[in-house]
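Right, one structure below, let's go through it.
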Amino acid sequence: MFLFTPVLFPFFCVGIETEMILGTEDVVSVAEEDKGPLCFYDVLADHFVRMPSNGEPILDLIVQLWSQAFASHIFALLFHKWLFEVQLDNTEVLLRYSFALVQGATNVFWIDIQTNTRRFHSLFRYLLEEVALVPERLKKIPLQAQRDLFLLLSRFIFLYDLVDKIESFLKQFPEFPNAFLVGGPADIFVIELADQLQKLKVEPVLLHYLSHIKVLRGLELRMSTSTRLKTSLYSFTSPGGPMYPTRAVRHAAWDALDLLFPVGRYPRHLISLFFRLLYPWYWPSSCWNFVLSCIQAVLYSVLRIIFSSLDKLRRPKQS
């Protein structure tokens, strides 16, 4: 699978030949390493690391088009590895490239959210595993860019199913100037995640985030951070504005709340039920779903009894 957009066309007309980009050995190595769909930007990113001189015409064009919205996208896709492999002596250029990387990566990750795809998974994995978790490589970009990169990874780590890296990720968090106000790495991570939940409008992606929310259980958080996360989840539990969450989202949010904040579980449900009674137009759908849930529960119970009885009848015959 190749990822190609029209805005990339002028950049491929700068003397980059097909044989130079898609050598057979290079393509095979990338495909075997990633073990997933091969995108054009993966091949080009590796190519510009091995032959930095071939990327200079592209960088010159990007600098000329720096005010265009797509410039940071292209820079992040093509030069995310190059930035951490070459030596840049100009501090101003390094700062510009570092912020362009973070901005471009943010935009392309939002493309995955809006389309409910994972086309830029390899870019995120590289920034997390090869940059954020490797202090020697992370220190090549300015401190402010390091902070922005960690905030970026905090917002999208659930999207790309890398929740198993959260523990090591939190240990590598850079120092933040306002840490005494917001808390430690875990607090900053959860704050970014709670804000990200409020921005998600694609139902499958939101359900995906809520299904991974259980990994936050056990984190030591400040009271203000816990309240912020609880408020964010609670906003998805009621039908109607301003969120208008679907039934699946409401149930997923309730499950996440009950798991992360078991204290006060029953009062929360009673209060929610009371407010639901204030909106009579929701009663028919609620009653219908309640009836379906009861029928489903009874059916499952009957099937469980039948299968357990059959299992008991088989055991004497086998003995």
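Subtracting the Cα-Cα distance from 0.36 nm times the residue separation, let me have the gained length for V163 to R250 in nm, one decimal.
Difference between extended and current length: 29.1 nm.
Based on DSSP loop calls and a cut-off of at most 11 other Cβ atoms within 10 Å, the longest stretch of the chain free of exposed GluC sites (Glu not before Pro) is what?
Working: sites that count: E17, E175, E220.
Looking at the chain, 18-174 is the longest stretch - no exposed GluC sites (Glu not before Pro) with at most 11 other Cβ atoms within 10 Å.
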- Note on the structure: Subtracting the Cα-Cα distance of R50 and L143 from 0.36 nm times their residue separation yields 30.8 nm
- Note on the structure: Taking Cα atoms, the helix 185-199 axis meets the longest principal axis of the chain at an angle in degrees (rounded to 10) of 80
- Query: When the convex hull of the Cα atoms of segment 227-293 is projected onto a plane and the area is averaged over all directions, what value comes out in nm²?
  - Reply: 4.7
- Distance (nanometres) between label positions extended 7 Å along Cα→Cβ at V302 and K171: 5.5
- Item | Angle in degrees between helix 40-50 and the longest Cα principal axis of the chain, rounded to the nearest 10 | 40
- Task: Give the relative contact order (percent, whole number) for the chain; include only Cα pairs under 8 Å separated by 6+ residues.
- Result: 10
- Query: By count of other Cβ within 10 Å, fewest leading, how are K171, K230, K139 ordered?
  - Reply: K171, K139, K230
- Task: Let me know the charge dipole size of segment 6-283 about its Cα centre in debye, to the nearest 20, where only the beta-carbon of Lys, Arg (+1) and Asp, Glu (-1) is charged.
- Result: 1740
- Place +1 on the Cβ of every Lys and Arg and -1 on the Cβ of every Asp and Glu in the chain, take the dipole about the Cα centre, and give the residue among L207, F274, A252 whose Cα lies farthest towards its positive end. F274
- Using the alpha-carbon atoms, what tilt in degrees (0 to 90, nearest 10) does helix 24-34 show relative to the longest principal axis of the chain? 30
- Note on the structure: Farthest towards the positive end of the dipole of the chain, among S122, L170, S293 and with Cβ unit charges of +1 on Lys and Arg and -1 on Asp and Glu, lies the Cα of S293
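None of the figures in this text is laboratory data; all of them are computed from the coordinates on show. Predicted, not measured: the structure shown is a model, and the values here were computed from it. Please note: Cβ atoms are built from the backbone with ideal geometry, for glycine as well, and neighbour counts cover all protein chains shown.
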